[in-house]
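Input: a single structure, listed below in structure tokens.
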Amino acid sequence: MNTLVVGGGIAGVLTATLLHRIGHTVTLIERTPAFAPVGAGIILAANAISVLSALGIDLSADGHPMRRMLVRAADGSWASGMDLEKIRDQVGPVYSFHRAELHAALQRHLPAGVRLMTGTTLEGLKIGEEVHVRLRRREAGADDADGAAFDLVIGADGLHSAVRAALPDPPALRYSGYGCWRALAPDPGLTDTLECWGRGARVGLVPLRNRRVYLFLVHNAPLQPAPAWEQSLAAFAPFADPCGPIIASI
């Protein structure tokens, strides 16, 4: 099948790779002019690593092997935990990644036969026996729009998807009920992945390669414009070590 994948992030690159392997003619478009580092952290559980390994995609050199996943209350008291090393032989390894490094690793496995078009956006879509799309490509100051037909179009272009918006009756986004801030911080020597749960807030600390920590802070809140960081920070003030000092370092 002649297939268009819209969005060159983690999902788009991997989707294009797998479709090409099973015989599709694949075009992959990405709106940015070139791939660049973006994002903070991501965890791939054992099932995802197992699938990738079966496809010959080895990410062990790109990820940080996770030992244990612990949950504590905001005051530091113990809540629960999982020893990933003990179940590694049964279910396989779990890795954490900087998102940009995972993306770069998957790019290395992108087949040469996939047509990659950067600086390209989906401008329109019409569904019939074929899917007719209008693509706009910006190169060296040019601004050219082209029409093309595909048997299949896959939207891997994120929250504000152009593919979703082009559908006859696009589903509305639904607010989750909380906001999330993500960051990278220096690793003070964490050996385990940790989540700390407080009243209407939680903090996650995920060790990465090269002595970094992927930090996420989640706060229950009504849908609203993002408040000032100093105002948001107050929700995480009660969290004990090691969360408090790492939050203060960013």
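The values are calculated or read from the model by the stated rules, or taken from the named source; none is laboratory data. Values in this document were obtained by computation on a predicted structure and should not be read as measured data. Counting neighbours? That spans all protein chains shown, and the Cβs are built from the backbone with ideal geometry, glycine included. What goes into the accessible areas is simple: the full protein's heavy atoms, side chains included, and nothing from ligands, DNA or RNA. Shrake-Rupley method; radii C 1.70, N 1.55, O 1.52, S 1.80 Å.
Any idea what the dipole of segment 63-182 comes to, in debye rounded to 20, about its Cα centre with Lys/Arg Cβ at +1 and Asp/Glu Cβ at -1?
520
Determine ³J(HN,Hα), in whole Hz, for all residues of segment 76-82 in sequence, where each value follows from phi through the Karplus function 6.51 cos²θ - 1.76 cosθ + 1.60 and θ = phi - 60°; x replaces Gly and Pro.
Per-residue couplings from phi come out as x, 6, 5, 10, 6, x, 9 Hz.
Give me the dipole magnitude in Debye, nearest 20, for the chain about the Cα centre, with unit charges on the beta carbon: positive for Lys and Arg, negative for Asp and Glu.
Charge dipole of the chain: 280 debye, to the nearest 20.
Can you figure out the FRET efficiency of Ala234 with Arg211, using R₀ = 35 Å and their beta-carbon distance, to the nearest 0.05?
Here the calculated transfer efficiency is 0.75.
7 Å from Cα along Cα→Cβ at both Arg134 and Arg68: what's the point-to-point distance in nm?
5.9
Just name one of Pro168, Pro93, Val153: the one whose Cα is farthest towards the positive end of the charge dipole of the chain (beta-carbon charges, Lys/Arg +1, Asp/Glu -1).
Value: Pro93.
Restricting the count to DSSP beta bridges whose residues both fall in segment 1-138, what percent are antiparallel, rounded to a multiple of 5?
Antiparallel bridges: around 65 percent, rounded to the nearest 5.
Probe radius 1.4 Å, ligands and nucleic acids left out: which of Glu123, Glu30 has the largest accessible area, and how do the rest follow?
Of Glu123, Glu30, the descending order of accessible area is Glu123, Glu30.
Give the calculated FRET efficiency between Ala104 and Leu184 to the nearest 0.05, with a Förster radius of 25 Å applied to their Cβ-Cβ distance.
0.95
Run the numbers for Arg115 and Leu152: contour at 0.36 nm per residue of separation, minus the present Cα-Cα distance, in nm.
Details: separation 37, 0.36 × 37 = 13.32 nm, distance 1.50 nm.
11.8 nm is the gain from fully extending Arg115 to Leu152.
Which percentage, to the nearest 5, of the DSSP beta bridges contained in the chain is antiparallel?
On the way: 48 of 66 bridges.
Counting only bridges with both partners in the chain, antiparallel ones make up about 75 percent.
Would you list the membrane-span-like helices of the chain, meaning whole DSSP H runs whose alpha-carbon atoms span at least 27 Å along their axis and whose mean Kyte-Doolittle value is at least 1.6? Show your work: numbers first, answer last.
On the way: long enough: none.
Membrane-span-like by this rule: not one helix.
Let me check the size of segment 51-149 from its C-alpha atoms; what are the radius of gyration and Dmax in Å?
Calculated on Cα positions, Rg and Dmax stand at 22.0, 60 Å.
Give, in nm to one decimal, the length gained when the segment between Leu173 and Ala61 is fully stretched (0.36 nm per residue of separation minus the Cα-Cα distance).
Difference between extended and current length: 36.7 nm.
For Cα pairs less than 8 Å apart in space and 6+ apart in sequence, what is the mean separation divided by the residue count of segment 20-87, i.e. the relative contact order in percent? If you can, show how the numbers build up before the last one.
Numbers: 29 pairs, mean separation 11.8, N = 68.
About 17 percent, as a whole number.
Taking 8 Å as the Cα distance limit and 6 or more residues as the minimum spacing, I'd like the relative contact order of the chain as a percentage.
Working: 481 pairs, mean separation 56.3, N = 250.
The normalised contact order for the chain reaches 23 percent.
Quick one, which of (i) 1.09; (ii) 1.00; (iii) 1.17 is the actual Cα Rg over 2.2 N^0.38 Å calculated for this model?
The calculated read-out lines up with (iii).
In whole percent, and with a 1.4 Å probe on the protein chains, what portion of the accessible area of segment 88-247 is carbon and sulfur? Please report the intermediate quantities before stating the final value.
Details: 4760 of 9230 Å².
About 52 percent, which is the carbon plus sulfur part of the accessible surface.
What does the accessible area per residue of the chain come to in Å², with a 1.4 Å probe and no ligands, DNA or RNA counted?
Ligands and nucleic acids excluded, the result is 56 Å² per residue.
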